[in-house]
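Asks: One structure coming up, written as structure tokens, with questions to follow.
The values are calculated or read from the model by the stated rules, or taken from the named source; none is laboratory data. Quick caveat, the model's predicted, so the values are computed rather than measured. Here the Cβ positions follow ideal geometry from the backbone for every residue, glycine too, while neighbour counts run over all protein chains shown. Protein only, heavy atoms only, side chains kept; ligands, DNA and RNA dropped before computing areas. Shrake-Rupley method; radii C 1.70, N 1.55, O 1.52, S 1.80 Å.
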Amino acid sequence: VLSPTPPRMITTGRRVAPGTSGGVTALGLGASLAGALLIGACLVLLYRAEHGAWAFLPLPAALLGGTAGSLADSLLGATLQAIYRTASGGETERRTDSAGHALASMRGWRWMNNDMVNMLSSLLGGVAALALGRALGG
């Protein structure tokens with residue numbers, strides 16, 4: 001939403017409105033990478049504080065896990081997440097409008113709401129980080 005350039009749909013590359021599920025920007029991806037590195041750096045510092053030794057494996061693991069989770073969130077949002085049409089013709093993740101009226105389904109699986117997308121993308125990111133950690137002997 002803060003990017004000066006319009007987001008593009010992760011699956012097609014076409015321009016979409018800010019806030020659209022599946023829309024990505026370079027700024028958003030950069031912020032995601034920075035957040036992942038911050039988490040990895042915090043883990044490195046906590047390990048140092050607890051064990052008195054440096055362990056840098058959390059940096060690449062956090063970077064891979066955060067990136068995988070972020071991209072999975074966008075991909076799931078663009079493909080499987082339930083999206084509904086508002087009265088004005090826009091898109092929303094909500095099943096009902098502010099008055100409680102049901103909205104027409106546009107695409108996605110009805111059970112794949114935003115909470116499910118967040119859970120699955122977090123799980124995928126965690127698995128990717130764990131897999132890299134295991135592969136690197138951590």
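Asks: Failed condition for S70, given (1) open to solvent by 60 Å² or more (accessible area, probe 1.4 Å); (2) in contact (Cβ under 8 Å) with a residue 24 or more places away in the chain; (3) of a type in the set (S, T, Y), with all others met?
Replies: That leaves (1) as the condition not met.
Asks: Any chance you could count how many residues in segment 81-102 are over 17 Å from T20 (Cα atoms), hydrophobic (A, V, I, L, M, F, W, C) and either open to solvent by 80 Å² or more (accessible area, probe 1.4 Å) or modelled with pLDDT of 90 or more (or both)?
Replies: 1
Asks: Let me ask you something else. So A62 ticks every box in (1) loosely packed, with under 15 Cβ neighbours inside 10 Å; (2) under 17 Å from the mean Cα position of the chain (by Cα) but one. Which box is left unticked?
Replies: Result: A62 fails condition (1) only.
Asks: Can I ask one more? What are the pairs, 6+ residues apart or on separate chains, where a residue within segment 92-117 that is closer than 14 Å to L75 by Cα and without any contact (Cβ under 8 Å) to a residue 12 or more places away in the chain has its Cβ under 8 Å from a residue that is surrounded by fewer than 11 Cβ atoms within 10 Å (Cβ to Cβ) and of a type in the set (G, A, S)?
Replies: Close Cβ pairs satisfying both conditions: none exist.
Asks: Output the number of residues of segment 103-117 satisfying the condition of being surrounded by 14 or more Cβ atoms within 10 Å (Cβ to Cβ) and small (G, A, S).
Replies: Keep residues of segment 103-117 that are surrounded by 14 or more Cβ atoms within 10 Å (Cβ to Cβ), which gives 103, 107-108, 112-114, 116-117.
Okay, now just the ones that are also small (G, A, S), so 108.
Adding up the residues that qualify gives 1.
Asks: Only one of these is assigned to a helix (DSSP H, G or I), open to solvent by 50 Å² or more (accessible area, probe 1.4 Å) and within 21 Å of S122 (Cβ to Cβ): A34, A49. Name it. Don't jump to the end; show me each part of the working.
Replies: Working: A49 fails: within 21 Å of S122 (Cβ to Cβ).
Just a single option satisfies the conditions, and that option is A34.
Asks: Within segment 58-114, track down each residue that is aromatic (F, W, Y) and not in a strand (DSSP E or B). Give the steps one after another, and end with the answer.
Replies: Narrowing segment 58-114 to residues aromatic (F, W, Y): 84, 109, 111.
Selection gives W111 alone.
Asks: To continue, here is another question. Looking at L120, L130, L136, L76, which is the one that is over 26 Å from V16 (Cβ atoms), surrounded by 12 or more Cβ atoms within 10 Å (Cβ to Cβ), in contact (Cβ under 8 Å) with a residue 40 or more places away in the chain and touching a helix residue (DSSP H, G or I) at 6+ places or on another chain (Cβ under 8 Å)? Show your work before the answer.
Replies: Working: L120 fails: over 26 Å from V16 (Cβ atoms); L136 fails: surrounded by 12 or more Cβ atoms within 10 Å (Cβ to Cβ); L76 fails: over 26 Å from V16 (Cβ atoms).
So the residue among L120, L130, L136, L76 that is over 26 Å from V16 (Cβ atoms), surrounded by 12 or more Cβ atoms within 10 Å (Cβ to Cβ), in contact (Cβ under 8 Å) with a residue 40 or more places away in the chain and touching a helix residue (DSSP H, G or I) at 6+ places or on another chain (Cβ under 8 Å) is L130.
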